[in-house]
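Report on one structure; see the data block that follows.
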There are 2 protein chains.
Amino acid sequence: MYLFPHAAPDVPNGPMGAAEGQGRIVGATTVLFHQGDRAEDLYEVVSGVFRATRVFQDGRRQVVAFAYPGDVIGFGHGDLYRFDCDALTPAKVQITARGQIGDAIRNRPEFGERLLAMAAGEVASMHDLSVLLCRKSALERIAGFLISLATRTGKLANDQRVSLPMCRADIADHLGLTIETVSRNLTKLKLRGIIDLPGRGSFVIRDLDRLQDQVECEQVH
Amino acid sequence: MYLFPHAAPDVPNGPMGAAEGQGRIVGATTVLFHQGDRAEDLYEVVSGVFRATRVFQDGRRQVVAFAYPGDVIGFGHGDLYRFDCDALTPAKVQITARGQIGDAIRNRPEFGERLLAMAAGEVASMHDLSVLLCRKSALERIAGFLISLATRTGKLANDQRVSLPMCRADIADHLGLTIETVSRNLTKLKLRGIIDLPGRGSFVIRDLDRLQDQVECEQVH
DNA sequence: CGCTCATTTGATTGTGGTCAAGTGACGTGG
DNA sequence: CCACGTCACTTGACCACAATCAAATGAGCG
């Protein structure tokens, strides 16, 4: 679909190349598209954070992913977008019409390779999400989530303030938990001195080793 | 990674095209590759069913996916495979060296487009998995799993016998449940007359409508 | 200040996990 | 052919963790 973590570093001109697309500045809460809209564009996040949400008939919600700079949104849909996407912060996106992609691949095959590599990264990140969702304890999921946020913002170290632009409900719907459980376990991590919660929109890792110990479900090999 | 459901119908020569690769027949329990092996090949499932498994330090296991004919395995890894993959049944696979992919894209850009479409399908199926894992009740997950199996084998109808080549432990590790819970809920569906369990390796949908009612978490729109 | 909304905290319930025993299918060897 | 062993699965009893219901606290803003 859309999330290509860490594509940015080696993609100075953006994954689409500098030629395509136009930068667009959007405010917080701006909706890029709705579930069911015709899927006409790809969006590369230049700055800010976006949220991809699926809503179900019974009111349940799943936050499929959060998109950070370097991630690409809009890939992996059919004719219609499969989820809502809106901005959690003021943001900037680079837009590429999907219709141009076929042409672009034909004209510059290396572009196709790059897209493919991004798709592979996307698949890998969905794997990680499914592992997170399979982890039994709420504490493990939350610790894993915090680590993934810190990693993606390049702040996986002690005493760095990491922005937490999504609300508890978003975290809960992302991890398959309730807001109460998220809150309780964040508090638990804080009481243990592992993290700090200096206010609404951020957290600080105080003891990275112990935070990683919570996520003991690391892969063998 | 690897799962491109329903790619087969419109891909008569296999996703790699008839030219590449060689068919290979393997027996049940054959291991295609291990987690950590150098990721050198793509495998297209021609017949049979494969299982992709991640194992964690603490012994927990996740069955990331089951691969059916038309699905492709080995995509979306970095240098190393990210999971084990073995056959659940006697099977046949079509092998393409990953090293040839770059060349193939450069020479035949439409090949790149096709791979990209497959990757998109793969991402979509991982979305579905994450929805399945987020669904609250065990019954919903199992009902959803049964429906997805029936769909992928083209037997989504009443009174059709659907093969169930994976054991309870595989299902449990795929859905984030325990074997006992899987067993109990299969029994529950059977007692309600929704499915039949005519023996080890298969099930029969007796009341498709009610089975789908169990999975009421359908998407809006 | 007082409203609203997000978050936290508390009390209770319920689903699914855990531990344990029992059943059934299948294969082998006496 | 049947006894036995093994393995997968089922069933049962109990318990823990997270969901639910409910109330309190805190932050942001008019």
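General remarks:
- Verdict on A:Thr187 being more than 12 Å from chain B (Cβ to nearest Cβ) and away from DNA strand D (no atom under 15 Å from the Cβ): no
- Filtered by the rule that a residue be among the acidic types (Asp, Glu) and more than 9 Å from chain A (Cβ to nearest Cβ), segment B:38-60 gives B:Glu40, B:Asp41, B:Glu44.
- B:Gly144 being more than 13 Å from DNA strand D (Cβ to nearest atom), surrounded by 15 or more Cβ atoms within 10 Å (Cβ to Cβ), under 25 Å from A:Val64 (Cβ atoms) and modelled with pLDDT under 85: no
- Of the residues screened, A:Val162 is not one that is more than 11 Å from DNA strand C (Cβ to nearest atom), in contact with a Pro (Cβ under 7 Å, 6 or more places away or on another chain) and not assigned by TED's automatic domain parsing to the domain that holds A:Val46.
- When residues in segment B:25-78 are screened for being assigned to a loop (DSSP other than H, G, I, E, B), more than 13 Å from B:Lys92 (Cα to Cα) and not small (Gly, Ala, Ser), 9 of them pass.
- Test: residue in segment A:96-116 that is buried (at least 21 other Cβ atoms within 10 Å of the Cβ) and closer than 17 Å to A:Phe66 by Cα: no
- Test: residue in segment B:109-116 that is within 25 Å of A:Thr53 (Cα to Cα) and in the same structural domain as B:Val55 (by TED's automatic domain parsing): yes
- Unmet requirement for A:Ala124, which otherwise passes all of (1) away from DNA strand C (no atom under 16 Å from the Cβ); (2) among the hydrophobic types (A, V, I, L, M, F, W, C); (3) at pLDDT 95 or above: (3)
- Among residues of segment B:109-161, those that are among the aliphatic types (A, V, I, L, M), under 30 Å from A:Met118 (Cα atoms) and touching a Leu at 6+ places or on another chain (Cβ under 8 Å), counted: 7
- Close pairs (8 angstrom Cβ cut-off, 6 or more residues apart or separate chains): within 8 Å of another protein chain (Cβ to nearest Cβ) in segment B:128-143, near DNA strand C (Cβ under 7 Å from one of its atoms) and not charged (D, E, K, R) anywhere: B:Leu133/B:Gly176
- Contact map, segment B:102-118: first residue over 11 Å from A:Ile101 (Cα atoms), second residue aromatic (Phe, Trp, Tyr) and outside any helix (DSSP H, G or I), Cβ cut-off under 7 Å, separation 6 or more or different chains; pairs are B:Met118/B:Phe4.
- Failed criterion for B:Ile171 (all others in (1) within 13 Å of the chain's Cα centre (by Cα); (2) under 19 Å from B:Arg61 (Cβ atoms); (3) away from chain A (no Cβ under 14 Å) hold): (3)
- Condition check for A:Ser137: away from DNA strand C (no atom under 14 Å from the Cβ), modelled with pLDDT under 95 and of a type in the set (Ser, Thr, Tyr): no
- Residues of segment A:185-215 classified as in a helix (DSSP H, G or I) and more than 22 Å from the chain's Cα centre (by Cα), total: 8
- Test: residue in segment B:80-95 that is touching a residue at least 12 places away in the same chain (Cβ under 8 Å), aromatic (Phe, Trp, Tyr), within 14 Å of chain A (Cβ to nearest Cβ) and in a loop (DSSP other than H, G, I, E, B): yes
- Subset of segment A:190-220 [within 14 Å of chain B (Cβ to nearest Cβ), β-branched (Val, Ile, Thr) and buried (at least 16 other Cβ atoms within 10 Å of the Cβ)]: A:Val215
- Residue count for segment A:156-184 satisfying the condition of being in a loop (DSSP other than H, G, I, E, B), in contact (Cβ under 8 Å) with a residue 40 or more places away in the chain and more than 11 Å from DNA strand D (Cβ to nearest atom): 7.
The values are calculated or read from the model by the stated rules, or taken from the named source; none is laboratory data. Keep in mind the model is a prediction, meaning the values are calculated, not measured. Quick reminder, even Gly has a Cβ in these numbers, built from the backbone with ideal geometry, and neighbours come from all protein chains shown.
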